[in-house]
Amino acid sequence: MIAVEFRGFAWRHAGRRARAVAGVDLRVEPGERVLLLGPSGSGKSTLLAALAGLLTGDSGEQDGEVLLDGKPAAEQRARVGVLFQDPETQLVMARSGDDVAFGLENQAAPPGEIHSRVLAALEAVGFPYGPDRPTHALSGGEQQRLALAGVLARRPDLILLDEPTANLDPEGAQEVREALRRSLADSRATMVVVEHRVADVLDLVDRVIALGPGGTLLADGPAAAVLAAHGDALAAQGVWVPGAPLPVRPAGPAGEVALRGEHLSLAHPGADRPALDDVSFALRRGELVAVTGPNGSGKSTLALLAGGLAKPTGGAAAVPGEARPLHRLPARRLAARVGSVFQDPEHQFVTATVRDELAFGPRQAGWPADRTAARVAELLERLRLAPLAEANPHTLSGGEARRLSVAGALAAAPEVLILDEPTFGQDRRTWGELVDLTADIRDEGTALLAVTHDRDFAAALAGRELVLRGGRLAEEEGR
Amino acid sequence: MLTLAPVCDADAPIARVNPVAKLAAVAVVSTTALVAADWLTPLLLLAALAATVPFTGIRLRALGRRLAWLWVAAGTVVIVNALFAAEQTGRILLSLGPVEIGTGALLDGTAIGLRVCVAATAGVLGFATTDPTDLADALTQQLKTPARFTIGALAALRLLPLLGAEWRQITTARRARGLEGGWNPVRRARLFASTMFTLLVGAIRRAGRLAAAMDARGFDSETPRTHAREQRMAAGDWVLIAASAAVSAAAVAASVASGTFTAFA
């Protein structure tokens, strides 16, 4: 247990003009469990980094103090443990047990004690394998639980959680929530969690602190009271407030078929079963079809085949007016007919400015310059990217980058758009923007296929749902 | 895939040798082979290496696959050196218009090829049987290399296979944007450069996150680290080093006695 105190704390990242946090005063009592809420840009991550003692003098400029039990946080690092968002970049070692031991070695724990403490930590998070399990063979949820074991083994007095389930699929997120629930119940540590999916962590916390832009204090108190009094304002800022209504955008009648998949199969050499096995479907203009199913059911494979980006081992996907199947079309021609949007927007960026990124597709398709310019201007306006027109795509925030990747794929007006987990890890506000954007594209007559774990997204937009299980089409649901 | 299948089981005799001892043995044998410029010394060393393989617990098939490229490389070295020797000495074996190969040049080329074989075979025997984690443990414990560097490199190594998967994703995403190398070499080169740029942007971000996560687990603290698993130099490890030195000395001695020895100048 440890007391946390911010006294007039302000921070400016090196090279930035505006402060990330401008004057925060806050106290958390020993053993308290706190949820920190706020829109992106409110400095939540900066506050967590300050508590973890990870803000060093050369990375920015600090005013005020961050104190743990009255001493500067930078001197108390051994007493703090942090669980970050990305499971892949938290693991250091090739074997699971070694990874948990890493934090203990750094603490100079007696070598004779390390093994038993490692096993106890693995047990506490419900790790399903032995300590020799290779870390690369773990699922995202298992990796994140291993990272949590690495935090717990050090017996921290302050535990910090930075959106611990944001990068996980629903099953993995559920596993990690279970592990957090069990291990926190056994611990007396003070805890601060940043998470915009409030419902996921509500039963772990007894106090909610809501921040506004620049780290100004909006609300502070018991979770239920804060959410009741400020729910609407928080929802507008991007927080997933439980029970807040979500938009529904039903589609009009669907038009003619824009893409047809016939008996699509893909078997990887050496795999014990095909990734996708004999799936047929038709996609019509003006409709969005959701592709759902558990991990490894072949959803992403279906998206790749429908987008003409992988060669099927059986069957073919085709669009009307093209004699060849999609996977045999030259890239330039493919991009003009079928657009694909990937999970990681940065993989798709091919130019140095937002404006060029939007002009790229139309230029490839051979549009005249004035038509291209008009299209770019229209998209910049519609996606609220106009102020960022000259910015480098790699410098955009998560939500902006995602909007740009969708806009880039549809700039040349393909009749079909394939989306892979378009809402993955987004806050409520970006989510709403993506739903509106997708609905508009659909209602203009584009045919959309969306691979998604997100029930709310499917419910808001999808007219039909293809459910995959073990690579096969398990059922097709109309709504 | 960038990960290679192990050539032996984790409890094979050679896998249990201290990695630093293996490193020393490899260094002794390779250095001897590189310093001797005759053909007999590396040939004897190669024979000695081959004779030890059955006692190491290495799977021969896996080792053969790992060494396959080596025979090609060594063969190329022999041919190139024999063909392009400064002067063709000894009896002329082959004469095809301007191309001549004499026995002297062929012998010199063979000697160079054999040296490459010894160094590479010793390296594969030493490193393909060593777990990177054990190597890092032994480096920090026996050779006292800085943990910041050694463990940092180990952590980076763990992320390496991700780059292959990410390269494929980026290439796929480029095709979706209408970019494809095709047969045009200029376009291919530009696409390669832009894919590499995207890969590097991602790799640098990932490295930053990994560094923060390591620091958050106390990696950068002033406290001296302890070691969960102790690596020790056992008697057998010293025997291995001594044996490699003895075999090297014997090979050189035999070569000197037979009058073929020349040192690399």
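Some points to look at:
- Potential lengthening between B:Trp167 and B:Ala207 on full extension [0.36 nm per residue; Cα-Cα distance subtracted]: 12.8 nm
- Eligible lysines near B:Lys144 by straight Cα distance, threshold 24 Å, same-chain separation 8 or greater: B:Lys22
- Two-site FRET efficiency, A:Ala271 against A:Asp69, from Cβ-Cβ distance with R₀ of 60 Å, rounded to 0.05: 0.65
- The distance from the alpha carbon centre of region A:238-298 to that of region B:91-152 is 53 Å, rounded to a whole number.
- On the beta carbon distance between A:Asp186 and B:Thr262, with R0 = 60 Å, the FRET formula returns roughly 0.25.
- Neighbour-limited loop hits for chymotrypsin sites (Phe, Trp or Tyr not before Pro), region B:164-265 (at most 13 other Cβ within 10 Å; DSSP other than H, G, I, E, B): B:Trp183, B:Phe264
- Surrounding net charge for B:Glu100, when Lys and Arg each add one and Asp and Glu each subtract one, Cβ distance under 15 Å: -1
- Net charge of Cβ neighbours under 15 Å - reference A:Arg188; Lys, Arg +1; Asp, Glu -1: -1
- Net +/- balance of residues flanking B:Ala243 in space, Cβ distance below 13 Å, scoring K and R +1, D and E -1: 0
- Overall, the protein assembly as shown carries a charge dipole of about 1580 debye about its Cα centre when +1 sits on the Cβ of Lys and Arg and -1 on the Cβ of Asp and Glu, all other atoms neutral.
- Taken along its three principal axes, the alpha carbon spread of the protein assembly as shown comes to 95, 71, 49 Å, from the longest extent down to the shortest.
- For the pair region B:230-264 / region B:162-224, the C-alpha centres are spaced 44 Å from each other.
- Computed from label points 7 Å out along Cα-Cβ, the spacing between B:Ala12 and A:Thr353 is 5.9 nm.
- Chymotrypsin sites (Phe, Trp or Tyr not before Pro) lying in DSSP loop within region B:59-141, provided at most 10 other Cβ fall within 10 Å: B:Phe84
- Computed lengthening from A:Glu61 to A:Asp232, 0.36 nm per intervening residue step minus Cα-Cα distance: 58.1 nm
- A full extension of the chain between A:Ser280 and A:His394 corresponds to an added length of 37.3 nm, given 0.36 nm per residue minus the alpha carbon distance.
- Taking chain B and dividing mean pair separation by its residue count, relative contact order in percent (alpha carbons under 8 Å, at least six apart): 33
- For the protein assembly as shown, DSSP calls about 55 percent of its internal beta bridges antiparallel.
- Rounded, prolate or oblate (a/c below 1.5 giving rounded, otherwise prolate when a/b exceeds b/c) for region B:146-216 by Cα gyration tensor: prolate
- Inter-label distance, A:His263 to B:Ala254: 6.5 nm, where each label sits 7 Å from its Cα along the C-beta direction.
- Loop sites in region A:10-91: GluC sites (Glu not before Pro), DSSP, at most 13 other Cβ within 10 Å: none
- Screening chain B for whole DSSP H helices of 27 Å or more along their axis (Cα) with average Kyte-Doolittle hydropathy at least -0.5 returns B:60-83, B:103-127, B:147-176, B:185-216, B:235-257.
- With an a/c value of 1.5 or above and a/b not larger than b/c for the gyration tensor axes a ≥ b ≥ c computed over the alpha-carbon atoms, region A:426-479 is described as oblate.
- Model label points for B:Leu34 and A:Ala474, set 7 angstrom from Cα along the Cα-to-Cβ axis, are 5.9 nm apart.
- Test item: A:82-90 mean partner chain Cβ contacts at 10 Å: 5
- For region A:1-61 and region A:423-479, distance of Cα centres in Å: 36
- Prolate/oblate/rounded label for chain B (Cα gyration tensor, a/c 1.5): oblate
- FRET E, pair A:Thr313, B:Glu100, Förster distance 60 Å, beta-carbon r, rounded to 0.05: 0.65
- Spin-label zone in region A:400-429 - amide nitrogen under 19 Å from a point set 7 Å from the Cα of A:Arg382 along the C-beta vector: A:400-420, A:422-423
- With at most 16 other Cβ atoms within 10 Å, longest stretch of chain B clear of loop trypsin sites (Lys or Arg not before Pro) (DSSP): B:145-228
- Think of it as helices only: each DSSP H run of n ≥ 4 in chain A is worth -39500 (n - 2.57), and spread over all residues that comes to -10000 deg cm²/dmol at 222 nm.
Readers should treat all values here as calculations from the given coordinates under stated rules, not as data from a laboratory. For clarity, every value in this text was computed on a predicted model and none was experimentally measured. Reconstructed Cβ throughout: ideal geometry from the backbone, glycine too, with neighbour counts over all protein chains shown.
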